[in-house]
1. What's the number of the only condition in (1) of a type outside the set (G, A, S); (2) farther than 22 Å from A14 by Cβ; (3) surrounded by fewer than 18 Cβ atoms within 10 Å (Cβ to Cβ) that I51 fails to meet?
2. State whether the residues of region 231-254 include one that is closer than 14 Å to M110 by Cα, open to solvent by 60 Å² or more (accessible area, probe 1.4 Å) and touching a residue at least 40 places away in the same chain (Cβ under 8 Å).
3. Looking at (1) over 22 Å from T231 (Cα atoms); (2) open to solvent by 10 Å² or more (accessible area, probe 1.4 Å); (3) out of contact with any Phe, Trp or Tyr (no Cβ under 9 Å at 6 or more places or on another chain), which one does V369 not meet, given that it meets all the others?
4. Collect the residues in region 342-389 that are of a type outside the set (A, V, I, L, M, F, W, C), in contact with a helix residue (DSSP H, G or I) (Cβ under 6 Å, 6 or more places away or on another chain) and in contact (Cβ under 8 Å) with a residue 40 or more places away in the chain, keeping them in residue-number order.
5. With respect to I99, determine if the residue is buried (at least 19 other Cβ atoms within 10 Å of the Cβ) and farther than 25 Å from P292 by Cβ.
6. Mind counting the residues in region 256-286 that are open to solvent by less than 10 Å² (accessible area, probe 1.4 Å) and of a type in the set (A, V, I, L, M)?
7. Scan region 402-421 and report the pairs whose first residue is farther than 19 Å from C329 by Cβ and touching a residue at least 24 places away in the same chain (Cβ under 8 Å) and whose second residue is part of a strand (DSSP E or B) and open to solvent by 50 Å² or more (accessible area, probe 1.4 Å), with Cβ atoms within less than 7 Å and a gap of 6+ or a chain change.
8. Suppose we filter D304, D291 for residues that are more than 20 Å from S195 (Cβ to Cβ), touching a residue at least 24 places away in the same chain (Cβ under 8 Å) and not basic (K, R); which single one remains?
Amino acid sequence: MDILVIGGGGREHAIVRKLKESPRAGKLYCAPGNGGIARDAECVPISAMDIPAVVAFAKEKKVGLVFVAPDDPLAAGMVDALEKEGIPAFGPRANAAVIEASKVFSKDLMKRYHIPTAQYEVFSNPEEAAAYIEKNNRYPIVVKADGLALGKGVLICQNLEEARAALKEIMEDRVFGASGSRVVVEEFLTGPEVSVLAFTDGHTIKPMVSSKDHKRALDNDQGLNTGGMGTVSPNPYYTEEMAEQCMKTIFLPTIEAMKKEGRPFKGCLYFGLMLTPDGPKVIEYNARFGDPETQVVLPRLKTDLLDIVMAVVEERLEDQPIQWSQEACACVVMASGGYPGHYEKGLPIEGLEENGQVEGAVVYHAGTVCKDGKFLTNGGRVLGVTALGDTLEEALGKAYQAVEKIHWQGVHYRKDIGRTK
């Protein structure tokens, strides 16, 4: 079966690598892909948001599956367009992808169906939002842009001044574009964070192994929010008892809620959870595989990913067994200096070998381009250096060993991935 993967980051490289392992996988295409993905799939110069071009290419090449990985094309209805042409696609339709595309929708859904989450209010006027925050007078407080914002539309404010600045940035300066026309203002939850990705065909839900994402740019959770600076799996705080509780109070109720709303969710549903003193609560949903969570979850998958994906597409997930390795996995993101702010592109990367730098380590390319056989930086997050180990310590040791062998001007990475306080 020939397969087209949509996207061009580290997540897509991990997906391509895993699909490549399947004996059923034929030719692999990736649109647009990147320098590293080009070693594992044929990269096609089509933008991830160019729905007509993706549909035309899939028809021309007679691909048996299109795997839509990023949030924007899902929200824009790429799966709907492919299905209309009879092309099997992995990912939710637009009316279900709204669970990520609108924070207001997801918060209202949780309120309606009694799914535990932070208390919140929705505002379309910055002055009204500021008045509510001032009256509430509880800090820190969280201000979220309603729409998609590359994982960066969430601002944690320590006082009224910061909250006003956040509202101005989102609603008046429109740094996230139309995504900032409304905001969710919600209480700040405390406790360990957990990411759980789950396969679902709209009826059955099968959670994957847990992971822990490190969002802040600098060590000790300092600095700006990023798309993710590293991950580990399993999450050390997520016990079997906690998993059972989440299944009962969050995972199953969410799938049922979406079904009742006439928006059955098929694909990968990501649960961003906070293990609060009052029990697990949902911070956010994503309508797709997380990045860089995918880079530590898929290496632990023992079952053929293509078999699972087709079981989801064909709505027979209930009968599809899924097995996971007991090993731990760690991913350290190597980023451009200045990320998530301004950074340079086109810097030569030294020390990048074919199979990772250390036995047992693999390098997923997130923002690279290959020119004249040489890899150059081409994004904020450049590489995800990943390793498996019998223990988390071993996996982290291997990943950092490999990181130390790679270099470019201004390279930046966190030194404390996987460290628990």
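1. (3)
2. Within region 231-254, one or more residues are closer than 14 Å to M110 by Cα, open to solvent by 60 Å² or more (accessible area, probe 1.4 Å) and touching a residue at least 40 places away in the same chain (Cβ under 8 Å).
3. (3)
4. Passing the criteria: G356, Q357, Y364, H365, G384, T386, G389.
5. Considered against the rule, which asks whether it is buried (at least 19 other Cβ atoms within 10 Å of the Cβ) and farther than 25 Å from P292 by Cβ, I99 comes out as no.
6. 5
7. Once the first residue is farther than 19 Å from C329 by Cβ and touching a residue at least 24 places away in the same chain (Cβ under 8 Å) and sits in region 402-421, its partners that are part of a strand (DSSP E or B) and open to solvent by 50 Å² or more (accessible area, probe 1.4 Å) give H407/E350; W408/P348; W408/E350.
8. Details: D291 fails: more than 20 Å from S195 (Cβ to Cβ).
Among D304, D291, only D304 is more than 20 Å from S195 (Cβ to Cβ), touching a residue at least 24 places away in the same chain (Cβ under 8 Å) and not basic (K, R).
The values are calculated or read from the model by the stated rules, or taken from the named source; none is laboratory data. The structure displayed is predicted, hence computed values, not measured ones. Note that each Cβ is placed from the backbone with ideal geometry, even for glycine, and that neighbours are counted across all protein chains shown. For accessibility, only protein heavy atoms count, side chains too; no ligands or nucleic acids. Shrake-Rupley method; radii C 1.70, N 1.55, O 1.52, S 1.80 Å.
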